[in-house]
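**Student:** So that we are looking at the same thing, I have put the structure below in structure tokens.
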Amino acid sequence: MRDPRYDILFEPVRIGPVTARNRFYQVPHCCGMGYRYPSSSAAMRGVKAEGGWAVVCTEEAEIHHSAEVTPYLENRIWDDQDLPHLRALTEAVHAQGGLAGIELVHNGQHAANHYSREVPLAPSHRVIDNGAPLQARAMDKTDIANLRRWHRQAALRAREAGFDIVYVYAGHDMTVLQHFLSRRHNERTDEYGGSLENRLRLTREILIDTKEAVGDRCAVAFRFAVDELLGEDGISAEGEGREVVERLAELPDLWDVNVSTWQNDSQTARFAEEGYQERYIGFVKSLTTKPVVGVGRYTSPDAMVRVVKQGIMDMIGAARPSIADPFLPKKIEEGRIEDIRECIGCNICVSGDEVSAPIRCTQNPTMGEEWRRGWHPEAIPPARNRERVLVVGGGPAGLEAARACGQRGLEVVLAEASGAWGGRSLHESRLPGLSSWGRVKDWRLGQLHKLANVEMYLASRLTAEDILGYGIPHVVIATGAAWRRDGIGRNGFRPLPGLDGTAVFTPDDFLGEGDGLDRLPEGPLVVYDDEGYVMGGVLAELLAKTGRAVTLVTPAAVVSPWTDKTMEQPFVHKRLVQAGVTLRLSTLLTARDGDAVDLACAYTGAPARLDCAALVLVTSRRPRDEIYLDLKVREAQWGESGIESLRTIGDCHAPATIAAAVYAGHRYAREFGEAIDPDVTPFRREAIRVG
Ligand code: ADP
Ligand code: SF4
């Protein structure tokens, strides 16, 4: 039963000619599927509607080949060829009672047009913003007329494809409309440049065109970045952002407001708290009677009620919370708040888009697998037989394997060596800014405690001997991995000389029960990051808090390079500089030598030395697979012990992200009892049409 406090979240909202059944609004978000994996995309969006989201939007949909963002996989609505794909999506959403929205876009100078080879278009001659050595050409009046026509045609096609909400998009510094609006990008002297009203002209025209074209049946939403977080150089909530809302107040049927760029809009939990955009978008509702939607990684229904009651927004916009838990609205509606799988704010979902691969999520292992594997986020078929499974290790992989096996009705025993559940999701959540990563274990523990068929034992460090003695037929080893102490990493392929007998640490010394901070000697610290994701940077930040001089050395050209895929890299750099960490980029660490380390330029090999009282090696990890190897050696004894299957999963199989460990645990449970043929692709593939 729903808590009456949350009734307000289930009130219908009128948006122009359509009505949303409640206030839950999945704003447009990328998913690395787009035009390339349309069946996957339709199924994923359909599941969101099934989970109760009243509005489910696409990612951006390119309206024309003059602005296409290859290699990124967004949607396309260039011509009628795209309609069957898009119709599949609207039908999937409608079948579950949702409204389908499409975010039409012309990316202007943000699009390199690597595929179409068209010259990019912009308000003024500008270097395109993705680093390619290309310039966009200043649009003349014919180009402007063309753009208006393309947008109108795309809106008509969107209506034909069954969309209920059609977007006009001026956000994220990625769209030609925002480029026209911006003084930074627009140096025109005609009626489309100069004054704000002139810079706004094209947006106004396209809003009117879209309403005239499809406004009888479709709501027209305007997605607008009210603040670019650039101070005087940009649109701001106190300045032109506010003026734009004043000038267009009643023109769109809905305001979808946020901050720009996408990096700022989708900040990770490490850099922005839940609801942090309220201070920017809070004014919008006072200037329009039209519904307002905004985002802020809201996962708590109390926070959602607050933002509605405080008049900050009418609809709760969500991308990431809807990815981590597509059934979030249903769970609130059914009074199952404790079942909400809360987003941890890690942006692994974004990394899918960044590498042009289907979306994945740390918390939700079924995300992106709805169509190709037929995985549902809530349901999992019961196992054929009530067999017994022993899961060794209670980190993300082990917890998820035990939970999902338990959900399938298997008899599960889960054993964890330490005195606490969670493995790295517990340990890493103690690092600066990563407390929400603990939600990975929290949600799984909450679910496990409800399962009477799962026995859970802490302080149980198992050996191969123990396991042979238990006679549990199916054994899955999820004992994680340990950071290497020899310096072998991405660039270091042999052990570093000089490491014996000196103060050498790894992340494990600062995680879990590690007492690394207490053992650090006085003097300068060197963190050597040859791994490249979050650990090197976050440890440097932790160590800087001890007041010692910290230098982060990395062979990469930027600090924490893979955080680029989670859109955090500039924030990491800024935070480390602000914490007083010295950065030595493009630098290899070649040896430890007493109270110093030897360095070499990663490009020229030019040597250098750096004082170093203690060295922290963040290089790579080694699976903790001793039990597995021991059991494999004793395979002859399995029969008499009753062991039928043995597997490793997660970091113990191959160290990777927490997302990969959760996925591995889930996959183990899904595939339990199935014969896996390694010669057969284990998922459905999207068809490729010839000709
Ligand atoms: P993953 O990300 O793959 O889940 P983690 O390192 O987070 O890996 O978790 C592994 C867990 O396994 C840790 O909590 C660790 O304490 C536990 N573990 C390691 N060795 C044993 C063992 N021999 N018996 C039981 N648990 C173990
Ligand atoms: Fe949230 Fe991380 Fe999942 Fe993205 S990947 S939805 S940020 S938990």
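**Student:** If you average the C-alpha positions of the stretch 507-559 and of the stretch 182-246 separately, how far apart do those two centres end up, in angstrom?
**Tutor:** 45
**Student:** Starting from 0.36 nm per residue, how many nanometres of slack lie between Thr546 and Val127 once their C-alpha separation is accounted for? Walk me through the numbers before you get to the answer.
**Tutor:** Values: separation 419, 0.36 × 419 = 150.84 nm, distance 4.35 nm.
The span from Thr546 to Val127 would gain 146.5 nm if fully extended.
**Student:** Run the numbers for Asp518 and Ala602: contour at 0.36 nm per residue of separation, minus the present Cα-Cα distance, in nm.
**Tutor:** Values: separation 84, 0.36 × 84 = 30.24 nm, distance 3.28 nm.
So the chain would gain 27.0 nm between Asp518 and Ala602.
**Student:** Still on this structure, I have one more. Measure off, as a whole percent, the carbon and sulfur share of the 1.4 Å-probe accessible area of the stretch 4-354, all protein chains present. List each step's numbers first, then the result.
**Tutor:** On the way: 5360 of 11210 Å².
About 48 percent, which is the carbon plus sulfur part of the accessible surface.
**Student:** Compute the accessible area per residue over the stretch 4-354, keeping the other protein chains in place, probe 1.4 Å, unit Å².
**Tutor:** Numbers: 11210 Å² over 351 residues.
With all protein chains present, the stretch 4-354 gives 32 Å² per residue.
**Student:** Sorted by accessible area (1.4 Å probe), largest first, how do Leu200, Leu426 line up?
**Tutor:** Details: Leu200 0, Leu426 30 Å².
Most to least solvent-accessible, the answer reads Leu426, Leu200.
**Student:** Could I ask something else about it? If ligands, DNA and RNA are left out, what is the accessible area of Glu378 with a 1.4 Å probe, given in Å² to the nearest 10?
**Tutor:** 50
**Student:** List, in order, the whole-Hz ³J(HN,Hα) value for each residue of the stretch 585-601 obtained from phi through the Karplus relation with A = 6.51, B = -1.76, C = 1.60 and θ = phi - 60°; use x for Gly and Pro.
**Tutor:** Taking θ as phi minus 60°, the curve returns 8, 6, 10, 8, 9, 9, 6, 9, 9, x, 8, 9, 10, 8, 10, 8, 4 Hz for the stretch 585-601.
**Student:** Run the helix sum for the chain: -39,500 (n - 2.57) per DSSP H stretch of 4+ residues, divided by residue count, reported at 222 nm to the nearest 500 deg cm²/dmol.
**Tutor:** Numbers: 22 runs with 199 residues, N = 691.
Value at 222 nm, helices only, nearest 500: -8000 deg cm²/dmol.
**Student:** Dipole magnitude of the stretch 1-89 about its Cα centre, charges +1 at Lys/Arg Cβ and -1 at Asp/Glu Cβ only, in debye to the nearest 20?
**Tutor:** Details: 10 positive and 12 negative charges, 92 e Å.
For this selection, approximately 440 debye.
**Student:** While we're on this one: How high is the relative contact order of the chain? Use alpha-carbon pairs under 8 Å, at least six apart in sequence, and give a whole percent.
**Tutor:** Values: 1609 pairs, mean separation 79.5, N = 691.
Relative contact order comes out at 11 percent.
**Student:** Follow-up question, since we're still on this one. Give, in whole angstrom and from largest to smallest, the semi-axes √(5λ) of the equivalent ellipsoid of the stretch 97-183, with λ running over the eigenvalues of the Cα gyration tensor.
**Tutor:** On the way: eigenvalues 129, 38, 31 Å².
Equivalent-ellipsoid dimensions as semi-axes: 25, 14, 12 Å.
**Student:** Tally Lys and Arg at +1 and Asp and Glu at -1 over the other residues with C-beta under 13 Å from the C-beta of Pro12: what net charge comes out? Please report the intermediate quantities before stating the final value.
**Tutor:** Working: positive: Arg14, Arg21, Arg23; negative: Asp7, Glu11, Asp314.
Every neighbour counted, the sum reads 0.
**Student:** Positive end of the charge dipole of the stretch 484-620 (Lys, Arg +1 and Asp, Glu -1 on Cβ, about the Cα centre): tell me which of Ala596, Met567, Ala503 has its Cα farthest that way.
**Tutor:** Met567
**Student:** Report, ordered by chain and residue number, the lysines lying within cross-link reach of Lys48, taken as a straight Cα distance under 20 Å and ignoring same-chain residues fewer than 8 apart.
**Tutor:** Reachable lysines: Lys330, Lys331.
**Student:** Kirkwood hydrodynamic radius, the stretch 4-354, all distinct C-alpha pairs: what's the number in Å?
**Tutor:** Working: mean 1/r = 0.0502 Å⁻¹.
Roughly 19.9 Å, rounded to one decimal.
The values are calculated or read from the model by the stated rules, or taken from the named source; none is laboratory data. All values derive from a computational prediction rather than experimental measurement. Positions of Cβ are generated from backbone atoms using ideal geometry, with glycine treated the same way; all protein chains shown enter the neighbour counts. The area values use the complete protein model at the heavy-atom level, side chains included, leaving out ligands, DNA and RNA. Shrake-Rupley method; radii C 1.70, N 1.55, O 1.52, S 1.80 Å.
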